[in-house]
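Here is the structure we will look at.
The values are calculated or read from the model by the stated rules, or taken from the named source; none is laboratory data. Predicted, not measured: the structure shown is a model, and the values here were computed from it. Cβ placement follows ideal geometry from the backbone for every residue including glycine, while neighbour counts extend to all protein chains displayed.
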Protein chains: 4
Amino acid sequence: MTGRYDFASDNTAPAAPEAIAALTAANQGFMASYGEDEVTARAAGLIRALLNADAEVRFVASGTAANSVALAALCRPFEAVLAHGHSHVATDETGAPGFFGHGLGMTALEGASGRIDPQALARALKAPDSAHHQSPAALSLTNATEYGTVYADAALAALTTAARESGLKIHLDGARLANAMAAGCDPRTIAGAGVDILVIGGTKAGMTPAEALVIFDKTLVRRFDARLKQSGQLPSKSRFYAAPFVGMLETGAFVDRAAHANAMARKLAALSPFKVRHPVEANGVFVEMDGAAHKRLLARGWQVYRFLDGSVRFMCSWATTAEAVEQLGADLKAIA
Amino acid sequence: MTGRYDFASDNTAPAAPEAIAALTAANQGFMASYGEDEVTARAAGLIRALLNADAEVRFVASGTAANSVALAALCRPFEAVLAHGHSHVATDETGAPGFFGHGLGMTALEGASGRIDPQALARALKAPDSAHHQSPAALSLTNATEYGTVYADAALAALTTAARESGLKIHLDGARLANAMAAGCDPRTIAGAGVDILVIGGTKAGMTPAEALVIFDKTLVRRFDARLKQSGQLPSKSRFYAAPFVGMLETGAFVDRAAHANAMARKLAALSPFKVRHPVEANGVFVEMDGAAHKRLLARGWQVYRFLDGSVRFMCSWATTAEAVEQLGADLKAIA
Amino acid sequence: MTGRYDFASDNTAPAAPEAIAALTAANQGFMASYGEDEVTARAAGLIRALLNADAEVRFVASGTAANSVALAALCRPFEAVLAHGHSHVATDETGAPGFFGHGLGMTALEGASGRIDPQALARALKAPDSAHHQSPAALSLTNATEYGTVYADAALAALTTAARESGLKIHLDGARLANAMAAGCDPRTIAGAGVDILVIGGTKAGMTPAEALVIFDKTLVRRFDARLKQSGQLPSKSRFYAAPFVGMLETGAFVDRAAHANAMARKLAALSPFKVRHPVEANGVFVEMDGAAHKRLLARGWQVYRFLDGSVRFMCSWATTAEAVEQLGADLKAIA
Amino acid sequence: MTGRYDFASDNTAPAAPEAIAALTAANQGFMASYGEDEVTARAAGLIRALLNADAEVRFVASGTAANSVALAALCRPFEAVLAHGHSHVATDETGAPGFFGHGLGMTALEGASGRIDPQALARALKAPDSAHHQSPAALSLTNATEYGTVYADAALAALTTAARESGLKIHLDGARLANAMAAGCDPRTIAGAGVDILVIGGTKAGMTPAEALVIFDKTLVRRFDARLKQSGQLPSKSRFYAAPFVGMLETGAFVDRAAHANAMARKLAALSPFKVRHPVEANGVFVEMDGAAHKRLLARGWQVYRFLDGSVRFMCSWATTAEAVEQLGADLKAIA
């Protein structure tokens, strides 16, 4: 437990003041439970405004669960999800989509720096259906990606359009949607791109644990609360998952705090003597660092991890300070 | 969303000051995620002290999920859980045990006022194994029960002993363990009674959403975090689920607040002109009220529900005020 | 393994000559696998003719699996199946619907002698949807029923109509459809009654293991073979599951053999000195027999079981001989 | 459905005379159901003799289900199976292991010609456990492999030993064990190699549909029949799945017929003008053939498929005639 976790992940940070303020403000009086309260209604309205879309919104505790519940709603067990081979749903959730989806399959697509290659998607969509394989029923996208890159709105829409033309449904993992927005992603284009279910991350955006499940496809809404309840994702005290969204959306902190995190990542990349492997468009910096250097860095107390692509990952958050970036930059120079 | 939710459930209450204070205190600096932080370690230690047992402790978001993950750890899909026919796991979680347990069965046992009848358990344990039915692998108990009664320590131990002699594992749903403790239950007897997994409710005890999963049987610990992660119950910002336990256990508020809730229930029962159906030992009051009277009560703004046994349920919480109880008592008299 | 199994079940009988003849006739030359062969096509055509319906037909090995795959196709995990409390899917398949359906629930309906009481169905259909319970998505009927009774075509249609008006899908377990047909059920009314998936039992009708899955609702057909494959129910050598249907349908043995079984049951009922509890309309006889008498019967070598309703069950099959019925009848008189 | 299926698979063949003879011989009189009959007992005894091991044996309908039930018995949902990347369980069963195993993962290992590379296994075994990934709980081997090669007994034991030293359980898919035996595999070494569950293929060995599930690890036996029943794999008329094993094991046809298939494959390989990609040790021949040549071959009526590694596969069976091999050989020359 020792060491500095500033750059270990964007979930090592505390919650931002705006989130805490809203949470404590919501802690007043009795309210209906299971999402029937006014805080939840207000947060849902703010998200609809953000997306400029008439969508159903639910607030849940876990991004892993939110993604998996979404995929289970879009696919049947004998079908598969097309996702980037290094996406969180494919590699970092202990098979949760298969657990929530009763064995649904994941088909890995390639693409540089976490973005799905349109050609890889096209090839997957052309594969003939067979009773002996799990054929795709949904495309899962992540924005910002695992490698700190951001889809241009048009690039994302091109992928969703291709998938929808083949009859697939669309899931968008927005665990770092705030960072994508700070990098230029326009959330009002998501509905138009044909996304069926979007998960908006609150936790990594600087909230206490909270994720928003946004259902654009109204045909999926019937009994969705029963689906959530059975999945352990229908919080009784819903207000505590909704309130941080109220606080950070009403104040603009949702994007502002992410913009800070993105800026810290750019600053760190500029200081890094190690080669930066992926474009720094959001809040992560991935550097090429051999094992010996990594050990030296760990010895200086910086808890950072080697990632799937072999690079070492540094994540910035709303709470990352310029001073910490400079300290880390100096240490990186010292161990390089 | 309108009306008064004071007595609708014990999850309509806000979080107690001790929980909020600890949560905001924990909101400082960077910390390791996924339960490796010091707040989580401290909360786990407090729970071990409470139980006087060397158990593994995890903090999760959902009681439904905690119960279901526990049952899935104790049973295989072709086995069953013995539980009271009106228990929360059997009737109020949308089949979550079957979802997390991949079809595991629930076998309903009878018993007055939510407590399992030892004879009913004995009969179930005597049923021969068959390949054509789901034979029991675990006993699930609830304390305090759904009907606001509390098992005497010896009575609970008698049930667990009988079940263990037949090779069953034991799950204890302690969503309202605080209320049971305030009614005399000694938590230091739970380990000795042979409970394998205990879920301690924080949410209904007056915390922000938080439940503790306590694993007494160490053979279950291997890869339990992977089990939690796959189930969407390994919170990245674990501190926010652990902190409320720190706040309420360190101050004693965990039991003190529950004692208040229990006292409010007794006060309400004393005021009720409607027959109280079950002994008021914890924080719930169940009265015999016909549909017309129930409608009149709803018309006065009191949101309360008819329960499985046909009675109307009033739940008190840490936040219930004597004034509210008196107002409700007066209204009950007016509509009786 | 010793004793006489003539009346233990209708699956203790060998396969009828017509089934064996067709199976050996199909055992010629190479054929496409996984249902693409001509024997399968021919059997499917015969079943469509029998039902006078344009349905998709698949041949599978297991009735338990066929029923469960059907229910999983009609319901989602957080939904429930309405079925008679003593139906095979509810009580005698070790929770298979919950396993194949990932936790889907079973809601028990009452009704005399295995037939669902229309009032019980009406009550279940009126229950309001709730996120905290598994609300019904399908009605499962069994014809002939577990207790050897047969729904009149109009009675069955009344149940399906009521369920469909509430938006439910319909599953018909026809493990003993042959016996029902021999008792007057007209299979050409099944499609019109709105059944979505029908399972026609071959095994109990006197075939080598074989069941037909009949899909009336064409919207369910897409990727159904992938569903079957994933469930272990897409036989490579499909011809061996289709051939017995060819043999028994082409010759008329399917109904003729069942008529014999039904006649044997009536004969046995007439000889029984023990009170017959349910109308003998198909091939089962259920008698009221105390434990001591049951033991005396077992001591004479007759392997028969006590059933869910407390009666002792005698099943007749195509292979039951009049002589065996008379022997059993004499023994029943001797032990009465 | 048209064309010649002789080489499309080894499941396009009819059943061998020895299997049919035993099946019809078993079709006499009433017998206990669900595996309690004497035919099942006899077949189980023959398999124990074959393996020279005191194992539990069950007869089931489906190899896909048998493999998946086995893996579900060896792993928990948040764990993974190590298997060759092109193994049947990994690629050709529509995700059945994940369905029966509630989301259990498959981790692909590499190795030439279908045999797992010991170095690849060693690397996988060295990977540290993590709560964020599905760590391995079982190794799945296939003998003969998907590419018609056969593990030497010592090579297989080296893999199982390495896996067991890391605490893994072992599953052996013997869908083509007969072919492996005909190529020199000694089945009496399987128990000693530490295999926990073995599936012996009857279907591809020339039987009517039948597979044997062999459980060496006695700790897995408790309630295994309930597991099978819930999975739709506890046949009521068990005799029909056991009888073909009786017929083919008692006569020696099990290996003799496989030896013929293997010989036909060698003959075909010798005739092939196309490069044979993998050693022909069992009953499959994989040739390097471009799309145009493949089309010409299909146009001549030979139904053969392109396999995962890009080669075109020809499978021989007990029913493959030397004449057919010669015809195919001539056609291959004509289109080369």
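Restricting attention to the stretch A:1-20, and to residues there that are aliphatic (A, V, I, L, M) and farther than 20 Å from residue A:315 by Cα, which single residue is farthest from the other protein chains (Cβ to nearest Cβ)?
Just the residues of the stretch A:1-20 that are aliphatic (A, V, I, L, M), to begin with: A:1, A:8, A:13, A:15-16, A:19-20.
Those left that are additionally farther than 20 Å from residue A:315 by Cα: A:19-20.
On the way: A:19: 9, A:20: 6 Å.
So the residue we want is A:19.
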* **Condition check for residue B:24: buried (at least 24 other Cβ atoms within 10 Å of the Cβ) and not small (Gly, Ala, Ser)** => no
* Quick check: is even one residue across the stretch B:270-283 touching a Phe, Trp or Tyr at 6+ places or on another chain (Cβ under 8 Å), within 14 Å of another protein chain (Cβ to nearest Cβ) and more than 30 Å from residue B:42 (Cα to Cα)? -> no
* Considering (1) under 25 Å from residue A:72 (Cα atoms); (2) at pLDDT 95 or above, say which one residue B:136 fails and leave the rest. => (1)
* To do: Check the stretch D:132-148 and report whether any residue there is within 25 Å of residue D:314 (Cβ to Cβ) and either of a type in the set (D, E, K, R) or free of Cβ contacts under 8 Å to residues at least 24 places away in the same chain (or both).
  => yes
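Can you tell me which residue within the stretch D:118-130, out of those that are out of contact with any Ser or Thr (no Cβ under 7 Å at 6 or more places or on another chain) and in a loop (DSSP other than H, G, I, E, B), is nearest to residue A:64 (Cα to Cα)?
Our first condition is that a residue be out of contact with any Ser or Thr (no Cβ under 7 Å at 6 or more places or on another chain); within the stretch D:118-130, this holds for D:118-123, D:126-128, D:130.
Imposing the further condition that a residue be in a loop (DSSP other than H, G, I, E, B) reduces the set to D:127-128, D:130.
Values: D:127: 23, D:128: 22, D:130: 16 Å.
The qualifying residue nearest to residue A:64 (Cα to Cα) is D:130.
Would you confirm, using the coordinates I've provided, whether residue C:149 is within 14 Å of chain B (Cβ to nearest Cβ), polar (S, T, N, Q) and in a loop (DSSP other than H, G, I, E, B)?
On the way: within 14 Å of chain B (Cβ to nearest Cβ): no; polar (S, T, N, Q): yes; in a loop (DSSP other than H, G, I, E, B): yes.
For residue C:149, the condition - within 14 Å of chain B (Cβ to nearest Cβ), polar (S, T, N, Q) and in a loop (DSSP other than H, G, I, E, B) - is not met.
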* **The listed residue being in contact with a strand residue (DSSP E or B) (Cβ under 7 Å, 6 or more places away or on another chain) and free of Cβ contacts under 8 Å to residues at least 60 places away in the same chain, out of B:82, B:104, B:74, B:168** => B:104
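Could you check, for the stretch A:296-305, whether at least one of its residues is in a strand (DSSP E or B), over 17 Å from the mean Cα position of the chain (by Cα) and more than 17 Å from residue A:203 (Cα to Cα)? Spell out the reasoning first.
Narrowing the stretch A:296-305 to residues in a strand (DSSP E or B): A:302, A:305.
Checking the rest, the ones that are also over 17 Å from the mean Cα position of the chain (by Cα) come to A:302, A:305.
The next check asks that each one be more than 17 Å from residue A:203 (Cα to Cα); those that pass are A:302, A:305.
Within the stretch A:296-305 (the criterion being in a strand (DSSP E or B), over 17 Å from the mean Cα position of the chain (by Cα) and more than 17 Å from residue A:203 (Cα to Cα)), the answer is yes, since at least one residue qualifies.
Every residue, every condition in (1) loosely packed, with under 15 Cβ neighbours inside 10 Å; (2) not hydrophobic (A, V, I, L, M, F, W, C), yes or no:
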| residue | (1), (2) |
| --- | --- |
| C:290 | yes, yes |
| C:293 | no, no |
| C:297 | no, no |
| C:302 | no, no |
| C:311 | no, yes |
| C:316 | no, no |
| C:322 | yes, no |
| C:329 | no, yes |
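Please state which one of C:198, C:220, C:177, C:228 is modelled with pLDDT of 95 or more, under 14 Å from residue C:66 (Cβ atoms), surrounded by 21 or more Cβ atoms within 10 Å (Cβ to Cβ) and within 14 Å of chain A (Cβ to nearest Cβ). Reasoning before the result, please.
Working: C:198 fails: within 14 Å of chain A (Cβ to nearest Cβ); C:220 fails: surrounded by 21 or more Cβ atoms within 10 Å (Cβ to Cβ); C:177 fails: within 14 Å of chain A (Cβ to nearest Cβ).
Of the residues listed, the single one that is modelled with pLDDT of 95 or more, under 14 Å from residue C:66 (Cβ atoms), surrounded by 21 or more Cβ atoms within 10 Å (Cβ to Cβ) and within 14 Å of chain A (Cβ to nearest Cβ) is C:228.
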* Qualifying residue in the stretch C:149-159 (condition: in contact with a strand residue (DSSP E or B) (Cβ under 6 Å, 6 or more places away or on another chain) and either buried (at least 17 other Cβ atoms within 10 Å of the Cβ) or among the hydrophobic types (A, V, I, L, M, F, W, C) (or both)) -> no
* Asked: Which condition breaks for residue D:12 when tested against (1) assigned to a helix (DSSP H, G or I); (2) within 22 Å of residue C:237 (Cβ to Cβ)?
  -> (1)
* Scan (1) closer than 22 Å to residue B:105 by Cβ; (2) touching a residue at least 12 places away in the same chain (Cβ under 8 Å) for the single condition residue C:188 breaks and write down its number. => (1)
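Based on this model, can you work out whether residue A:261 counts as under 25 Å from residue A:152 (Cβ atoms), modelled with pLDDT of 95 or more and within 17 Å of the chain's Cα centre (by Cα)?
Working: under 25 Å from residue A:152 (Cβ atoms): yes; modelled with pLDDT of 95 or more: yes; within 17 Å of the chain's Cα centre (by Cα): yes.
Yes.
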* With B:331, B:290 as the choices, which residue is over 18 Å from residue B:265 (Cβ atoms) and more than 14 Å from every other protein chain (Cβ to nearest Cβ)? -> B:290
